[in-house]
Amino acid sequence: MIPAHNQSGVLPPFISGALPSDAGAMAPYKSSLLEVIAKFAITTDRIKILRGLIEYRELLKAHGITHGVQWIDGSFVEQVEVNLNRAPNDIDVVTYCYRPQAHFEDAKWREFMSLNTHIIDTSTLKSKYYCDAYLVDLQTHPMFLMQQTQYWFGLFSHQRESYLWKGMVEITLEEDEASAKRLLSEMEKNVI
């Protein structure tokens with residue numbers, strides 16, 4: 001569940017009053033792609049970005065990356081239109097994924113990644129899909145995985161300019177994009 005924005009216009013880093021043992025009451029908030037669309041498809045700029053996110057997910061899946069989670073963040077999950085009087089430019093996405101079965105071994109994974117740089121080229125992903133996107137291999141060495149998680153959580157849990165503590169959203173890769181496209185089309189009819 002995605003909580004309401006707090007008085008600073010960001011998702012809270014945790015839900016006040018919740019027990020410390022309630023993992024669902026702290027960021028990253030486990031959600032669904034459909035819930036993300038329902039909450040954030042409120043302007044034409046945001047709908048364009050959400051379309052890009054869906055297409056990026058389809059790109060990953062077309063290359064066999066079908067299992068994992070995505071952390072989404074940035075000004076997209078904030079009330080940037082109110083706080084900074086501008087639309088979000090993109091959506092920040094870190095995909096924690098399992099390797100496709102055919103590329104499970106380290107050598108095959110390295111070869112797969114070298115042949116498919118377009119799925120990790122940040123400038124291409126940003127210009128084509130409006131996703132400032134990064135990939136983390138869940139089958140990498142545990143120390144590297146820990147360092148990557150620490151880095152991304154540290155970066156995503158604070159605004160870059162103000163250092164304001166904030167929350168983020170987590171969605172799974174397993175969710176169906178067809179349903180998301182239908183909902184996004186319905187939401188678009190209500191946006192002026």
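Just a few scattered comments:
- Positions within the range 85-122 being among the small types (Gly, Ala, Ser) and closer than 17 Å to Leu53 by Cβ, in sequence order: Ala87
- Residue satisfying condition, being in contact (Cβ under 8 Å) with a residue 12 or more places away in the chain and either of a type outside the set (Asp, Glu) or under 21 Å from Trp165 (Cα atoms) (or both), within set Gly17, Gly24: Gly24
- Among the residues of the range 60-73, those identified as out of contact with any Pro (no Cβ under 9 Å at 6 or more places or on another chain) and crowded, with 18+ Cβ neighbours inside 10 Å are Leu60, Gly68, Gln70.
- Residue match in the range 97-114 (condition: under 20 Å from Glu170 (Cα atoms) and among the polar types (S, T, N, Q)): no
- The condition of being aliphatic (A, V, I, L, M) and farther than 23 Å from Ala180 by Cβ holds for only one of Ala62, Ala133, Ala102, Ala87, that being Ala102.
- Filter pass, Ser32 being touching a residue at least 12 places away in the same chain (Cβ under 8 Å), under 14 Å from Ile171 (Cβ atoms), surrounded by 16 or more Cβ atoms within 10 Å (Cβ to Cβ) and polar (S, T, N, Q): yes
- Restricting the first member to the range 42-62 and to residues that are free of Cβ contacts under 8 Å to residues at least 12 places away in the same chain and over 15 Å from Asp132 (Cβ atoms), and the second to residues that are surrounded by 18 or more Cβ atoms within 10 Å (Cβ to Cβ) and of a type in the set (Val, Ile, Thr), no beta-carbon pair is closer than 6 Å while six or more apart or on different chains.
- Considering the conditions (1) more than 13 Å from the chain's Cα centre (by Cα); (2) free of Cβ contacts under 8 Å to residues at least 40 places away in the same chain, Ser75 is excluded by exactly one of them, (1).
- The set of residues in the range 37-55 being more than 20 Å from Leu11 (Cβ to Cβ) and of a type in the set (Gly, Ala, Ser) consists of Gly52 alone.
Each value in this text was obtained by applying a stated rule to the coordinates, not by laboratory testing. These numbers come from a predicted model, not from an experiment. Cβ: placed from backbone, ideal geometry, glycine included. Neighbour counts: every protein chain shown.
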